[in-house]
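The values are calculated or read from the model by the stated rules, or taken from the named source; none is laboratory data. Quantities reported herein were computed from a predicted structural model and do not represent experimental measurements. Using ideal geometry, Cβ is built from the backbone for each residue, glycine included, and neighbour counts are taken over all protein chains shown. Just the protein is used for accessible areas: all its heavy atoms, side chains included, with ligands, DNA and RNA removed. Shrake-Rupley method; radii C 1.70, N 1.55, O 1.52, S 1.80 Å.
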Amino acid sequence: MANDIKILTEHINIPGIETFEVYRKAGGYNAVEKAIKKMSPDEIVEEVKKSGIRGRGGAGFPMGMKWSFLAKPEGVPRYLVCNADESEPGTFKDHYLMKNLPHLLIEGMIVSSFALGANKSFIYVRGELMYVVRILEKAIEEAKAAGFLGKNILGSGYDLELVVQPGGGAYICGEETALLESLEGKRGNPRNKPPFPAVKGLYQSPTVVNNVESIANTPWVINHGGEEYAKIGIGRSTGTKLISASGHIKNPGVYEITLGLPVDEFMNSDQYLGGIRDGHYLKAVVAGGSSVPILPANLFYKTANGEDRLMSYESLSDGGFPTGTMLGSGGFIAMDETTCIVRNTWNFSRFYHHESCGQCSPCREGTGWMEKVLHRIEHGHGTMSDIDLLVDVAKKIEGNTICPLGDAAAWPVASAIRHFRDEFEWHINHPNEATKPGAVYMGAEILA
Amino acid sequence: MSVTFTEDKLKKAQEIILRYPEGRQKSALLPILHLAQEQFGWVSSDTMDYVAGLLSITPVEVYEVATFYTMFHLEPVGKHVIEYCRTGPCCAMGGEEVFSHLKTKLGIKANETTSDGLFTLKEVECLAACGWGPCFQIREKYFMHLTNQKVDDIIEELSK
Ligand SMILES: Cc1cc2nc3c(=O)[nH]c(=O)nc-3n(C[C@H](O)[C@H](O)[C@H](O)COP(=O)(O)O)c2cc1C
Ligand code: SF4
Ligand code: FES
């Protein structure tokens, strides 16, 4: 691919880049100077709109559009909240970015807060990452000492305070309204919408919630302009994307890819994942975090029309759910032929049941049912009607809940049965074999 | 038994409360529960009452939060709490084998404490370190790319 550009990670390997001094020498905080001294808040919003960047937290909603929805009633404070809850299984890119480049996020928070007219902004970090909380707090102190945070930033009259808030261990707090509840010191129960956070968010005030990676892109957009950003990538998938790669690949880790990179190149070239570990072959991929539909290897490389699939929002979702999936959070999990799809589906189901906040019955009860039925199939006690029961329960959850966790729980189950039904049947027909440690059904249609 | 923060922790708690807008001190609840767990090792009902007092909120408001979030230990735990990830990607990275080795080595199951009070095992969900898995966390430290050998070394080191 011609444009192998690094918007976020260009400087990540410079020794000491986590300190203010080194980051500044590498051109860090230039975007704050430019934004605050030379641009108006509306001009910044305009650049972000032009960039075409879509939210990197999972839903892919255009960031500039979200910003322009922010209500601005007189005399009411506005808030920017950065979503650093990162708890979607398979996703570890924000963790990587924050621990290595804390100042990039802080620089992004300053320019974004300025654009939105926020004087107090929050970074909500999952509580398990307490060491990252401390890294961010240290970076904030450094930025403050240099005059980039606090009162009267760079003599402009603009004040901004950044608060890093630890969560307490709850996947649901990644959902933006649950996150706001949690930030108010309550249980992480998602709110009914509307009202949307842009109108009534944190403390009932207008609020923008954006993912770490989304915000970390804003300094580049300010330095180079939205139009330049929009030239990178493909179609409506502009810019780069951090992909967290795990599973049976040679080179697990976090990669910044230009959107539009062919899936085959990402999967198999040594510059990226290096292919499946030696002696094995790809069976299935979860391309965007545990909640997106699983794809068998053949549909992963090629769309249903036989086109080469690309790493972009549109190409990955080509064909809709019958033959496609979603880019989601970029949590990329590759599974080779030793993976038991039933066991993996049961594992994810247990996760969603464990993490359901319990407010709505389709989700609370449905996730429990799915876990139970999958457990019994995996452990050799399933019946054929269990498969249809799973499909039915998944259907009844989908679209019938307060927040999208219900969908996130239903999709992995529905898609696993759609593409690997024979493997479920094999478990049911061969209870003694299927439950032996390491037993895996090998009959699925697989591309080497 | 009455519970009080050390002078340092109390000062830290007061700093935290001041971060939020007037009248929104309840926002300090999660950070202060973390602070309490740091000092006491776990969160007892006395601790929750104490925290409620610090924030001028009702004890019930603290109970419902402390019981919702999985990071707070509501019962006494061992000296080292090993929180290992049981979610799919870590399993794909070899987690099931490594953690069954860990359990055998310590002679306990998930959510149990060794009889010498040294180790508690806690099963947790994805720790946002999947590609660096299998992984576990002990206090604030992440241990990644775990193998049976590494697990043995870590346990030996902590048993000294
Ligand atoms: C169950 C659930 C979990 C989520 N977890 C996260 C998360 O960990 N991090 C994140 O940025 N967004 C997460 N989201 C998406 C957020 O609700 C929200 O869309 C996002 O933070 C908006 O930021 P963006 O527009 O920059 O992507 C989650 C959504 C749901 C329904
Ligand atoms: S869908 Fe599930 S997690 Fe979301 S509000 Fe309903 S019960 Fe809670
Ligand atoms: S699955 Fe273990 S850290 Fe994500």
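Summary table below
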{"read-out": "Pick from the range A:174-208, criterion touching a Phe, Trp or Tyr at 6+ places or on another chain (Cβ under 7 Å) and away from chain B (no Cβ under 14 Å), ranking: farthest from B:Cys126 (Cα to Cα)", "value": "A:Ala198"}
{"read-out": "Residue in the range B:142-159 that is under 28 Å from A:Val133 (Cα atoms), free of Cβ contacts under 8 Å to residues at least 12 places away in the same chain and near ligand 3 (Cβ under 9 Å from one of its atoms) present", "value": "no"}
{"read-out": "Test: residue in the range B:88-103 that is within 23 Å of A:Ala170 (Cβ to Cβ), more than 8 Å from chain A (Cβ to nearest Cβ) and either among the aliphatic types (A, V, I, L, M) or open to solvent by 30 Å² or more (accessible area, probe 1.4 Å) (or both)", "value": "no"}
{"read-out": "Hey, B:Glu123 away from ligand 2 (no atom under 16 Å from the Cβ), more than 8 Å from chain A (Cβ to nearest Cβ), modelled with pLDDT under 95 and closer than 29 Å to A:Ile333 by Cβ or not", "value": "no"}
{"read-out": "The range A:216-230, subset in contact (Cβ under 8 Å) with a residue 60 or more places away in the chain and open to solvent by 10 Å² or more (accessible area, probe 1.4 Å), residue nearest to the other protein chains (Cβ to nearest Cβ)", "value": "A:Trp220"}
{"read-out": "Members of the range B:46-87 that are among the hydroxyl-bearing types (Ser, Thr, Tyr) and either touching a Gly at 6+ places or on another chain (Cβ under 6 Å) or more than 8 Å from every other protein chain (Cβ to nearest Cβ) (or both)", "value": "B:Thr47, B:Tyr50, B:Ser56, B:Thr58, B:Tyr63, B:Thr67, B:Tyr69, B:Thr70, B:Tyr84"}
{"read-out": "Unmet criterion (only one of (1) surrounded by fewer than 22 Cβ atoms within 10 Å (Cβ to Cβ); (2) touching a residue at least 40 places away in the same chain (Cβ under 8 Å); (3) of a type in the set (Asp, Glu)) for A:Glu213", "value": "(1)"}
{"read-out": "Filtered residue count, the range A:239-252, keeping only those that are touching a strand residue (DSSP E or B) at 6+ places or on another chain (Cβ under 6 Å) and free of Cβ contacts under 8 Å to residues at least 40 places away in the same chain", "value": "1"}
{"read-out": "Test for A:Val76: is it under 23 Å from the mean Cα position of the chain (by Cα) and of a type outside the set (Phe, Trp, Tyr)", "value": "no"}
{"read-out": "Matching option when the condition is in contact with a strand residue (DSSP E or B) (Cβ under 8 Å, 6 or more places away or on another chain) and either charged (D, E, K, R) or under 16 Å from A:Arg418 (Cα atoms) (or both), among A:Asp336, A:Asp318", "value": "A:Asp336"}
{"read-out": "Checklist (1) more than 16 Å from ligand 1 (Cβ to nearest atom); (2) within 30 Å of A:Arg343 (Cα to Cα); (3) within 17 Å of the chain's Cα centre (by Cα) applied to B:Glu140, failing item", "value": "(2)"}
{"read-out": "Qualifying residue in the range A:142-155 (condition: closer than 30 Å to A:Cys403 by Cβ and touching a Lys or Arg at 6+ places or on another chain (Cβ under 6 Å))", "value": "no"}
{"read-out": "Answer residue from the range A:9-45, given it is of a type outside the set (A, V, I, L, M, F, W, C), in a helix (DSSP H, G or I) and closer than 24 Å to A:Tyr96 by Cα and is most open to solvent (accessible area, probe 1.4 Å) among those", "value": "A:Lys25"}
{"read-out": "The listed residue being away from ligand 1 (no atom under 16 Å from the Cβ) and of a type in the set (Gly, Ala, Ser), out of A:Ala143, A:Ala170, A:Ala198", "value": "A:Ala143"}
{"read-out": "Some residue of the range B:131-151 being crowded, with 17+ Cβ neighbours inside 10 Å, in contact with a helix residue (DSSP H, G or I) (Cβ under 9 Å, 6 or more places away or on another chain), away from chain A (no Cβ under 13 Å) and assigned to a loop (DSSP other than H, G, I, E, B)", "value": "yes"}
{"read-out": "Residue match in the range A:67-74 (condition: under 26 Å from A:Glu256 (Cα atoms) and either without any contact (Cβ under 8 Å) to a residue 60 or more places away in the chain or within 16 Å of ligand 1 (Cβ to nearest atom) (or both))", "value": "yes"}
{"read-out": "Hey, A:Gly324 open to solvent by 20 Å² or more (accessible area, probe 1.4 Å) and either more than 21 Å from A:Ile276 (Cβ to Cβ) or more than 14 Å from every other protein chain (Cβ to nearest Cβ) (or both) or not", "value": "no"}
{"read-out": "Pick from the range A:356-399, criterion among the acidic types (Asp, Glu) and open to solvent by less than 20 Å² (accessible area, probe 1.4 Å), ranking: nearest to ligand 3 (Cβ to nearest atom)", "value": "A:Glu378"}
{"read-out": "Residues being within 11 Å of another protein chain (Cβ to nearest Cβ), touching a strand residue (DSSP E or B) at 6+ places or on another chain (Cβ under 9 Å) and either within 16 Å of ligand 2 (Cβ to nearest atom) or over 18 Å from B:Gly133 (Cβ atoms) (or both) - total across the range A:76-96", "value": "6"}
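Here's the yes/no breakdown for (1) over 25 Å from A:Gly225 (Cα atoms); (2) more than 16 Å from ligand 3 (Cβ to nearest atom); (3) buried (at least 24 other Cβ atoms within 10 Å of the Cβ):
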position	(1), (2), (3)
A:Asp94	no, no, yes
A:Gly108	no, yes, yes
A:Ser112	no, yes, yes
A:Gly117	no, yes, no
A:Glu128	yes, no, yes
A:Glu142	yes, yes, no
A:Asp159	no, yes, no
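Every residue, every condition in (1) in contact with a Lys or Arg (Cβ under 7 Å, 6 or more places away or on another chain); (2) more than 16 Å from ligand 1 (Cβ to nearest atom); (3) open to solvent by less than 60 Å² (accessible area, probe 1.4 Å); (4) not assigned by TED's automatic domain parsing to the domain that holds B:Ile138, yes or no:
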{"site": "B:Val51", "(1), (2), (3), (4)": "no, yes, yes, yes"}
{"site": "B:Leu54", "(1), (2), (3), (4)": "no, yes, yes, yes"}
{"site": "B:Glu75", "(1), (2), (3), (4)": "no, yes, no, yes"}
{"site": "B:Gly117", "(1), (2), (3), (4)": "yes, yes, yes, no"}
